[in-house]
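Reading through the C-alpha cells given below for one structure.
The values are calculated or read from the model by the stated rules, or taken from the named source; none is laboratory data. Note that the structure is predicted; figures quoted are calculated from it, not measured. All Cβ positions, glycine included, derive from the backbone under ideal geometry; neighbour counts span all protein chains shown. Surface accessibility is based on the protein's heavy atoms, side chains included, excluding ligands, DNA and RNA. Shrake-Rupley method; radii C 1.70, N 1.55, O 1.52, S 1.80 Å.
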Amino acid sequence: MRIGDFKESYAADEALFRTPTARAWLGVLLAALAVFPFLAGDYLLYLANLVGVLAIGALGLNILTGYTGQISLGHAAFMGVGAYAAAVAATRFAAPFWVAVPVGGIAACLAGAVVGVPSLRIKGLYLAIATLAAQVIFEWVFTNWTGVTGGIRGINVAPASLLGFDFDTDRRTYFLVVALAALHAYWAANLFRTRVGRAFVAIRDHDLSAELMGVNLFRTKILAFMISSYYAGIAGGLFVYFAKVVTPESFPLSLSIQYLAMIIVGGLGTIQGALYGTVFVTLVPEGLRSLTQLAQLVSPEAMTWFYPMRDIVFGAMIVGFLVFEPHGLAEIVNRIRRFFALWPFPK
Amino acid sequence: MTCSRTKKLLLAAICALAVPSARAADEEIKIGACQPITGRFAFAGAQLNAGLADYIAHANEQGIVKGKKLVYIYEDTGYDTEKAVATFKKMMAQHSPVIMYGESTGQGKAIAPELNSRYKVLYGSTSFSSELADPKTHPYSFVSGPTYSDQFGILLDYIVKHPKKGKPKVAFFYSDTEFGKDPIVWAKKRAGELGIDVVAEVVTKVGAVDVTTEVLTLKQAQPDYVIFQGYVLAPIPEVIRAARDHGLETTFMSTFWSMDRAIIEKLGPDAEGYMGVNPYAYWWEDAPGIAAMREYNRKAHPEVTYRPNSYIQGWFTGMVYVESIRRVVAAKKPVTGDNLKDALATIKDWDTGGVTGKVTFVNNKAAVGRVYRANVQKTTFEPASDWIYLK
C-alpha cells in the first residue's frame, strides 16, 4: 500500500490506473510506443507487429483460461477462423479492413460458441482434449475446403487501406496493430470490472458456488468462449493484413501451445501477464538467436551446434520461471513495484 | 593561395576516404540466407546451408567472378515462417545483400509483396513449389531445378516409355500438406494427356504409422507404379513393406526429398526396385562437376565421406547464383537484384559439369531431372534414364 493514497470516491476505487506513479508509467509507455516506429528499423517493427497481433490472441486466451479457468488447446484454430473469414471478406466481397477484421472476430466468436458447448459437461484435461479436437477439425477444414479457403495455397490479401492511406509497410502496419492491441487490452481490463467479468472469476474459483450465487453457468461459460474466440479472431484478421497471406500452416497446434505458454509465463489471470508473456515468448528466442549469431564471428562451423542450444536455453528459462515464480512475469513486475513503493525506506 | 591549398588538401582527403570505401563496396557481393538449421526441417537445412556456403567458398577460390569477392551470410530460422520473414528483413537492413536464400515455400509467399516492391533481390529457396516459379507473381524468385509438378512430369514421361503391360496405371500417394498436394492437380491432367490411368489417390498425414487400409486400397487398384509425394521417410518404408507382404508387384517412385541414400538404408532389401526422380547427380557419380565438389570437400572437410542430395541442392543453388553474378559482371552492369534476375533468364543450355543436365531457365525454373533406381548391394542410386527435359 502506498502512503497517502486515499480513495475518496467509488470512481477512484475502480480506476484502472490508481496512482499517479502508475499513470506516469502509462504515459511513458504510450510515449515509447509512439516514438518507437520512428527509431526502429524494419526488423524490429516487424517483430513489434508480430508481438502486437499475438498479444491480442493471448489476451483472449487469458480471459478464457486465466480468468474463467477453461483450458483451451484450440486457440490457434480460432485465430485461423478469424483470419480466413477476414481474408474471404476482403478478397471475395472487397470489404475494407475495418469491416474484414471485425468479420473475422465475429466468425471466430460464433465458432467459439459451438466449441464451448461441451465445457458445461467436461472440465480440466477432458476439456483440453475436446478443444484439441476443434483444433484438428478446423485445420482440416482450412486445408480441404478449397472453394473457400483456397486449400493449401491459401489466400493472398492486399494491404489494409483507410481513406486512401495504405498500411503497406511495417511502419504503417505498426500503428494499426498497436491501436487495436491497446483497444483490446483496455476492453479486457474493463471486462473484469463488470458483473460478467466477476462471474468468470467466480466460475474459475468454484463453479458450483458460482451457480449457487446466481451465475448462469452455461451462459457464462459460452460467453467466455465467445469473447476469447472473438479476441483470437481479431488477432487472426489482423494477422492477414500483417502477413499478407493466410495458409493452413499458419495456425498449427504448436501455436495453440505457444499461446498457453505465453499466458502461463506471463501470469494467468492478469491483463499485463498476457502482454508480458507474449513479449517474452516471441522476443526472447529472437534475442538468443542474435546472441548465437555472434558465434559466427568466431567460427562459422560452430553455428550448427549453437543453434539448437538456443532452444534448450529457452526451455530452461520457462521451467525456471515456473519453479521460481509460478505466478509469472506479472507477479515479478508487481514485486518490483512493491519494492519501489516505499523506496528508499525499508518495509 | 592558402585557400586553394586547403581546397586541394580537402579534395585529397575526400578522395582518400571515398576511393577505398567505393572499391570495397564494389568488390564484395553479399549473399544472404535464412536457413532452417533447427526445427522440423533441420535434417536438410544444415546440409543445404553447407552446400551453398561451400560452393560460394569454392567459387571464390576458383575466381569464377573476376575481381569480386563473394560473401556468404546466414542465419537460422528454426523453420518458422514469421521468424524467417523477420530474419529476411533483419539481414536486408544489416547487410543489404543482392541475393537472398529462403527456408520454405511459406516464406517465399509471405515475403513476395515486399520482395517485388521494395527489396528487389534475386531470391532462391529450398522450395520446389510451382507457385514460386510463377514469373507473374514472383518475378524475383526461382526454383533450383524442376518444380514438384515437373518432377512428376519427368516420372510420368518415364512411365509412358516403360509400360509394364497395356495402358500404364499409376497411383498417387501423398500427404495432406502443401508439400504433398502441390503437384497433384497438374499431374492428373498430365497423366490424362499421356494416356496414363490414375487408378488411385491416397492421402495421409505426414507421420502416419498404420498404413494397412492405404495398402489395401493400392492392392485393389493394382497400379503399375505408385508415386509418393510430400514425405521424407515415414510412411514410405512402411507402405513398401506392407505392399510386399501383400504380394503387390508395384514399382514405387518418389520425388527429390525421398531420393536420398537414407531411404535405401531404411528399407534394406525392400529397396529393390525403388525408383524416383532426382534433379541432381549423386555424390558418388563420375561427372566432373561432382568430382570438383568431392575434391572441395576432401580439402575443406576431410571428415566428410558422403553428402546427401540436399547438400547438392545447396551447391547447385550456389552455382546458379554465381553464374548469374558472372553474367552481370561480364556484361559490365551493376550487380543489382534486377540485373541478376534478368541474367538468370538468359541462362540457356548451361553446362554444369554433370551436376545436373543442361540448364535452361524458363519461367524461373529449370525443368530437368533424371530417373534413378536403387542399388541395394551398394546402397546407392543408379541412373535408369538419361537427363529428361520437360517442355
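When the stretch B:170-203 is examined, which residues are found to be within 14 Å of another protein chain (Cβ to nearest Cβ) and open to solvent by 10 Å² or more (accessible area, probe 1.4 Å)?
Here is the first cut: in the stretch B:170-203, the ones within 14 Å of another protein chain (Cβ to nearest Cβ) are B:174-186, B:201, B:203.
Listed by number, the residues that qualify are B:Y174, B:D176, B:T177, B:E178, B:F179, B:K181, B:D182, B:V185, B:W186, B:E201, B:V203.
Of these, A:V141, A:V114, A:V99, which one is among the aliphatic types (A, V, I, L, M) and farther than 17 Å from A:G74 by Cβ?
Working: A:V141 fails: farther than 17 Å from A:G74 by Cβ; A:V114 fails: farther than 17 Å from A:G74 by Cβ.
The unique qualifying residue is A:V99.
Within the stretch B:125-143, can you find the residues that are away from chain A (no Cβ under 13 Å) and open to solvent by 20 Å² or more (accessible area, probe 1.4 Å)?
B:P135, B:P139, listed by residue number.
Please specify each residue of the stretch B:80-101 satisfying the condition of being small (G, A, S) and over 21 Å from A:P159 (Cβ atoms). Show your work before the answer.
Residues of the stretch B:80-101 that are small (G, A, S), as a first pass: B:84, B:86, B:93, B:96.
Matches in the stretch B:80-101: B:S96 only.
For A:A134, which of the numbered conditions (1) away from chain B (no Cβ under 14 Å); (2) farther than 29 Å from A:A48 by Cβ; (3) more than 23 Å from the chain's Cα centre (by Cα) fails to hold?
(3)
If I go through the stretch A:39-53 residue by residue, how many of them are more than 9 Å from every other protein chain (Cβ to nearest Cβ) and under 23 Å from A:I263 (Cβ atoms)?
Of all residues in the stretch A:39-53, those more than 9 Å from every other protein chain (Cβ to nearest Cβ) come to A:39-40, A:48-49, A:51-53.
Subset that is under 23 Å from A:I263 (Cβ atoms): A:48-49, A:51-53.
Number of matching residues: 5.
Can you say whether A:V178 is in contact (Cβ under 8 Å) with a residue 12 or more places away in the chain and within 14 Å of chain B (Cβ to nearest Cβ), as far as the supplied structure shows? Give the derivation first.
Numbers: in contact (Cβ under 8 Å) with a residue 12 or more places away in the chain: yes; within 14 Å of chain B (Cβ to nearest Cβ): no.
No, not satisfied.
Name every residue in the stretch B:336-362 that is closer than 30 Å to B:R294 by Cβ and surrounded by 19 or more Cβ atoms within 10 Å (Cβ to Cβ), in order of residue number.
B:L340, B:A343, B:L344, B:T352, B:V355, B:T356, B:G357, B:V359, B:F361
Among all residue pairs at least 6 apart or on different chains, which show Cβ distances below 7 Å where the first residue, located in the stretch A:7-33, is closer than 17 Å to A:L191 by Cα and the second is open to solvent by less than 90 Å² (accessible area, probe 1.4 Å) and of a type in the set (A, V, I, L, M)?
Listed pairs, sorted by first residue: A:L16/A:A189; A:F17/A:L26.
Which ones in the stretch A:156-173 are open to solvent by less than 60 Å² (accessible area, probe 1.4 Å) and within 13 Å of chain B (Cβ to nearest Cβ)? Please lay out each step first, then the result.
Taking the stretch A:156-173 as the starting set, the residues that turn out to be open to solvent by less than 60 Å² (accessible area, probe 1.4 Å) are A:157, A:159-161, A:167, A:169-170, A:173.
Hits for the stretch A:156-173 are A:V157, A:P159, A:A160, A:F167, A:T169, A:D170, A:T173.
(1) aromatic (F, W, Y); (2) free of Cβ contacts under 8 Å to residues at least 40 places away in the same chain; (3) away from chain B (no Cβ under 14 Å): which one isn't true of A:W145, the others all being true?
Evaluating A:W145 over (1) aromatic (F, W, Y); (2) free of Cβ contacts under 8 Å to residues at least 40 places away in the same chain; (3) away from chain B (no Cβ under 14 Å) leaves (3) as the failure.
If you check A:Y307 against the conditions, is it on the phi < 0 side of the Ramachandran plot, within 14 Å of chain B (Cβ to nearest Cβ), buried (at least 22 other Cβ atoms within 10 Å of the Cβ) and without any contact (Cβ under 8 Å) to a residue 60 or more places away in the chain? Talk me through it step by step, then tell me what you get.
Details: on the phi < 0 side of the Ramachandran plot: yes; within 14 Å of chain B (Cβ to nearest Cβ): yes; buried (at least 22 other Cβ atoms within 10 Å of the Cβ): yes; without any contact (Cβ under 8 Å) to a residue 60 or more places away in the chain: yes.
So A:Y307 passes the test.
In the list A:L64, A:L47, which residue meets the criterion of being of a type outside the set (V, I, T) and surrounded by 24 or more Cβ atoms within 10 Å (Cβ to Cβ)?
Values: A:L47 fails: surrounded by 24 or more Cβ atoms within 10 Å (Cβ to Cβ).
Result: A:L64 is the single residue among A:L64, A:L47 that is of a type outside the set (V, I, T) and surrounded by 24 or more Cβ atoms within 10 Å (Cβ to Cβ).
One line per residue, one yes/no per condition, for (1) in a helix (DSSP H, G or I); (2) open to solvent by 70 Å² or more (accessible area, probe 1.4 Å); (3) at pLDDT 90 or above:
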{"residue": "A:A89", "(1), (2), (3)": "yes, no, yes"}
{"residue": "A:V115", "(1), (2), (3)": "yes, no, yes"}
{"residue": "A:P118", "(1), (2), (3)": "yes, no, no"}
{"residue": "A:L127", "(1), (2), (3)": "yes, no, yes"}
{"residue": "A:T131", "(1), (2), (3)": "yes, no, yes"}
{"residue": "A:W140", "(1), (2), (3)": "yes, yes, yes"}
{"residue": "A:I152", "(1), (2), (3)": "yes, no, no"}
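When you go through A:A31, A:A22, A:A77, A:A58 one by one, which is the residue that is open to solvent by less than 40 Å² (accessible area, probe 1.4 Å), out of contact with any Ser or Thr (no Cβ under 8 Å at 6 or more places or on another chain), more than 14 Å from chain B (Cβ to nearest Cβ) and not in a loop (DSSP other than H, G, I, E, B)? I'd like the intermediate steps shown before the answer.
Working: A:A31 fails: open to solvent by less than 40 Å² (accessible area, probe 1.4 Å); A:A77 fails: out of contact with any Ser or Thr (no Cβ under 8 Å at 6 or more places or on another chain); A:A58 fails: out of contact with any Ser or Thr (no Cβ under 8 Å at 6 or more places or on another chain).
After ruling out the rest, the residue left standing is A:A22.
Please tell me if B:A93 is facing chain A (nearest Cβ under 10 Å), touching a helix residue (DSSP H, G or I) at 6+ places or on another chain (Cβ under 7 Å) and farther than 30 Å from A:P248 by Cβ.
Numbers: facing chain A (nearest Cβ under 10 Å): yes; touching a helix residue (DSSP H, G or I) at 6+ places or on another chain (Cβ under 7 Å): yes; farther than 30 Å from A:P248 by Cβ: yes.
Yes: the conditions hold for B:A93.
With within 12 Å of another protein chain (Cβ to nearest Cβ) and either over 30 Å from A:F38 (Cα atoms) or in contact (Cβ under 8 Å) with a residue 40 or more places away in the chain (or both) as the only criterion, which of A:R198, A:R153, A:R193 stands out?
Details: A:R198 fails: within 12 Å of another protein chain (Cβ to nearest Cβ); A:R193 fails: within 12 Å of another protein chain (Cβ to nearest Cβ).
When all the criteria are applied, what remains is A:R153.
Under the condition of being of a type outside the set (V, I, T), within 23 Å of A:E331 (Cβ to Cβ) and surrounded by 24 or more Cβ atoms within 10 Å (Cβ to Cβ), which residue from the stretch A:244-274 is farthest from the other protein chains (Cβ to nearest Cβ)?
Looking only at the stretch A:244-274, we keep the residues that are of a type outside the set (V, I, T), and these are A:244, A:248-256, A:258-262, A:266-269, A:272-274.
Okay, now just the ones that are also within 23 Å of A:E331 (Cβ to Cβ), so A:258-262, A:266-269, A:272-274.
Within this subset, residues satisfying the condition of being surrounded by 24 or more Cβ atoms within 10 Å (Cβ to Cβ) are A:259, A:262, A:266-267, A:273-274.
Numbers: A:Y259: 14, A:M262: 14, A:G266: 19, A:G267: 24, A:G273: 22, A:A274: 19 Å.
The residue in question is A:G267.
Those residues that are out of contact with any helix residue (DSSP H, G or I) (no Cβ under 6 Å at 6 or more places or on another chain), more than 10 Å from every other protein chain (Cβ to nearest Cβ) and surrounded by 24 or more Cβ atoms within 10 Å (Cβ to Cβ), I need them from the stretch B:34-85; list them, please.
Across the stretch B:34-85, there are no qualifying residues.
Mind checking whether some residue in the stretch B:59-69 is part of a strand (DSSP E or B) and touching a Cys at 6+ places or on another chain (Cβ under 8 Å)?
The initial filter retains those residues of the stretch B:59-69 that are part of a strand (DSSP E or B), namely B:69.
Filter once more, so that each one left must be touching a Cys at 6+ places or on another chain (Cβ under 8 Å): none.
No; the residues of the stretch B:59-69 include none that is part of a strand (DSSP E or B) and touching a Cys at 6+ places or on another chain (Cβ under 8 Å).
Find the residue count for the stretch B:96-124, including only residues that are surrounded by fewer than 24 Cβ atoms within 10 Å (Cβ to Cβ), facing another protein chain (nearest Cβ under 10 Å) and of a type in the set (A, V, I, L, M).
1
For the stretch B:346-391, which residues satisfy the criterion of being within 22 Å of B:A331 (Cα to Cα) and of a type in the set (D, E)?
If the condition is that a residue be within 22 Å of B:A331 (Cα to Cα) and of a type in the set (D, E), then B:D349, B:D351 are the ones that fit.
Evaluate the following for B:G230: is it under 27 Å from B:K167 (Cβ atoms), at pLDDT below 95 and touching a Gly at 6+ places or on another chain (Cβ under 7 Å)?
Numbers: under 27 Å from B:K167 (Cβ atoms): yes; at pLDDT below 95: yes; touching a Gly at 6+ places or on another chain (Cβ under 7 Å): yes.
Yes.
Since A:G4 meets every condition but one in (1) modelled with pLDDT under 90; (2) on the phi < 0 side of the Ramachandran plot; (3) open to solvent by 40 Å² or more (accessible area, probe 1.4 Å), which condition does it not meet?
If we test A:G4 against (1) modelled with pLDDT under 90; (2) on the phi < 0 side of the Ramachandran plot; (3) open to solvent by 40 Å² or more (accessible area, probe 1.4 Å), just (2) comes out false.
How many residues does the stretch A:221-243 hold that are more than 14 Å from chain B (Cβ to nearest Cβ) and either under 14 Å from the mean Cα position of the chain (by Cα) or in contact (Cβ under 8 Å) with a residue 40 or more places away in the chain (or both)?
Of all residues in the stretch A:221-243, those more than 14 Å from chain B (Cβ to nearest Cβ) come to A:221-234, A:237.
Pick out the ones that are also either under 14 Å from the mean Cα position of the chain (by Cα) or in contact (Cβ under 8 Å) with a residue 40 or more places away in the chain (or both) and you get A:221-222, A:224-234, A:237.
Residues meeting the conditions: 14.
Search the stretch A:275-284 for residues being crowded, with 18+ Cβ neighbours inside 10 Å and not polar (S, T, N, Q), and hand back the single one that is nearest to the other protein chains (Cβ to nearest Cβ). Give the derivation first.
Taking the stretch A:275-284 as the starting set, the residues that turn out to be crowded, with 18+ Cβ neighbours inside 10 Å are A:275-282.
Imposing the further condition that a residue be not polar (S, T, N, Q) reduces the set to A:275-277, A:279-281.
On the way: A:L275: 18, A:Y276: 20, A:G277: 17, A:V279: 15, A:F280: 15, A:V281: 12 Å.
The extreme case among them is A:V281.
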